[in-house]
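Worksheet: one structure, shown below.
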Amino acid sequence: MAFKERVFSGVQPTGNLHLGNYLGAITKFVALQDQYDCIYCVVDMHAITVWQDPAELMHATREVTAAYLACGIDPTKHIVFNQSQVAGHAELAWICNCVARLGWLNRMTQFKEKVGKDRENVSVGLYDYPALMAADILVYRATHVPVGEDQKQHVELTRDIATKFNNDFGASIAAHGYGDAFFPLPEPLIQGPATRVMSLRDGAKKMSKSDPSDYSRINLTDDADAIAQKVRKAKTDPEPLPSEEKGLETRPEADNLVGIYAALNNTSKATVLGEFGGAQFSTFKSALVDLSVAKLGPIGAEMKKLVKDPVYIDGILADGSERANAIAAETMKAVKDIVGFVRR
Ligand code: TRP
């Protein structure tokens, strides 16, 4: 059976959005709008799997929404909303809980990395995070999911849950006229390695909102001065830039800065090195400052303008939630019939 093609993805409203979120996720979301019907979610229910200050959570939810809009996502042609406004996510998550096996969740590397030795003291929600993520995707019967490499395993788990649901309830699915499979198996759309943005202080670490040093990242709301300072202070090595990509292999900081330049300018690292090969970092960093300010400055300014108007932002989220809910509610009706829940 052919499913309608649909994109779903989400960003957590926790802390600052930075260049890594922009190049790794949001620019991909923007690009997919021409080809697919897209649903972009601010996953506030995922955020509270670790403690969030309520006022900050609200602010961050509006800020991620502002970033979606400022980066060019069109909330009239597509759907932009926050997860907690559509009950289907939580409802389907329960079904996913009952389909997924304990052994499957025990294998999730992100959970293992996040908890470390603190296993007894993390929330049950953090452990169950991937089941909610599966529900996010499946409640829209989405076919394509743009995510970073680190989320690939969660999309694979979603496929496993969808497959098991389709098998376990096969007879009921057919009896209710849904053919031989109710859920499509969603495909992860993985960003290329060039857009894996690393810390400006350590080329071996991912750029992250939880890094204690603000100099490790460029935030989307940084002004031109902050961007310039951070790029100038970015860690490098004493050699000039190589002329070929191979010369970046053992130089993670140089590789990262060249990758950022290439991604911001929509070209390849090879092209960037064609221009800057042999140049000193001082020259290259000046060009990178100019490019970063030119690309991110307008986005940051627009975000700041938008977050000053929470009534407007909340209106976008309310409208998006209504349209998302219309799709999710249809899925939930069908799921209830398939599972055998009596419903109105
Ligand atoms: N877990 C994702 C992340 O941290 C966010 C997310 C939640 C998501 N639900 C999703 C991404 C569904 C894609 C699809 O990046």
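Checking the condition assigned by TED's automatic domain parsing to the domain that holds His176, in a helix (DSSP H, G or I) and in contact with an Asp or Glu (Cβ under 9 Å, 6 or more places away or on another chain), which residue from Ala324, Ala328 passes?
Answer to the check: Ala328.
Checking Ser172 against (1) in contact (Cβ under 8 Å) with a residue 12 or more places away in the chain; (2) within 21 Å of the chain's Cα centre (by Cα), which test does it fail?
Against the list (1) in contact (Cβ under 8 Å) with a residue 12 or more places away in the chain; (2) within 21 Å of the chain's Cα centre (by Cα), Ser172 comes up short only on (2).
So, in segment 145-163, of the ones that are within 13 Å of the chain's Cα centre (by Cα) and more than 8 Å from the ligand (Cβ to nearest atom), which residue ends up most open to solvent (accessible area, probe 1.4 Å)?
The residue in question is Glu149.
Just the residues that are surrounded by 15 or more Cβ atoms within 10 Å (Cβ to Cβ) and part of a loop (DSSP other than H, G, I, E, B), please, taken from segment 261-276.
Within segment 261-276, Asn265, Ser268 meet the criteria.
Residue under question is Ile79, and the condition is that it be more than 25 Å from Gln110 (Cβ to Cβ), in contact with a Cys (Cβ under 9 Å, 6 or more places away or on another chain) and within 15 Å of the ligand (Cβ to nearest atom); does it hold?
yes
Under 7 Å between Cβ atoms, at least 6 apart or on separate chains: pull out the pairs that start in segment 149-167 with a residue that is in the same structural domain as Leu138 (by TED's automatic domain parsing) and end on any residue that is away from the ligand (no atom under 15 Å from the Cβ) and assigned to a helix (DSSP H, G or I).
Sorted first by the residue in segment 149-167, then by its partner, the pairs are Leu157/Trp104; Asp160/Trp104; Ile161/Val99; Lys164/Val99; Phe165/Val99; Asn166/Ile173.
What are the residues in segment 205-226 that are closer than 20 Å to Ala25 by Cα and either of a type in the set (Gly, Ala, Ser) or buried (at least 19 other Cβ atoms within 10 Å of the Cβ) (or both), if any?
Scanning segment 205-226 gives Met207, Ser208, Ser210, Ser216, Arg217, Ile218, Asn219, Leu220, Thr221, Asp222.
Which condition number in (1) open to solvent by less than 10 Å² (accessible area, probe 1.4 Å); (2) away from the ligand (no atom under 11 Å from the Cβ); (3) in contact with a Leu (Cβ under 8 Å, 6 or more places away or on another chain) is the one that Val139 fails?
Unmet for Val139, out of (1) open to solvent by less than 10 Å² (accessible area, probe 1.4 Å); (2) away from the ligand (no atom under 11 Å from the Cβ); (3) in contact with a Leu (Cβ under 8 Å, 6 or more places away or on another chain): (2).
For Met1, work out the one condition from (1) surrounded by fewer than 15 Cβ atoms within 10 Å (Cβ to Cβ); (2) at pLDDT below 95; (3) within 16 Å of the ligand (Cβ to nearest atom) it doesn't fulfil.
It is condition (3) that Met1 fails.
Just checking, how many residues over segment 7-44 are part of a loop (DSSP other than H, G, I, E, B) and within 10 Å of the ligand (Cβ to nearest atom)?
3
Of the conditions (1) touching a residue at least 40 places away in the same chain (Cβ under 8 Å); (2) in the same structural domain as Thr283 (by TED's automatic domain parsing); (3) within 19 Å of Leu23 (Cβ to Cβ), Pro240 satisfies every one except a single condition; which number is it?
Of everything listed in (1) touching a residue at least 40 places away in the same chain (Cβ under 8 Å); (2) in the same structural domain as Thr283 (by TED's automatic domain parsing); (3) within 19 Å of Leu23 (Cβ to Cβ), Pro240 misses just condition (3).
Condition test on Arg119, is it free of Cβ contacts under 8 Å to residues at least 60 places away in the same chain, open to solvent by 10 Å² or more (accessible area, probe 1.4 Å) and among the basic types (Lys, Arg)?
yes
The values are calculated or read from the model by the stated rules, or taken from the named source; none is laboratory data. Small disclaimer: the values here were computed from a predicted structure and weren't measured. Methodologically, a virtual Cβ is constructed for each residue, glycine included, from the backbone with ideal geometry; neighbour enumeration extends over all protein chains shown. The area values use the complete protein model at the heavy-atom level, side chains included, leaving out ligands, DNA and RNA. Shrake-Rupley method; radii C 1.70, N 1.55, O 1.52, S 1.80 Å.
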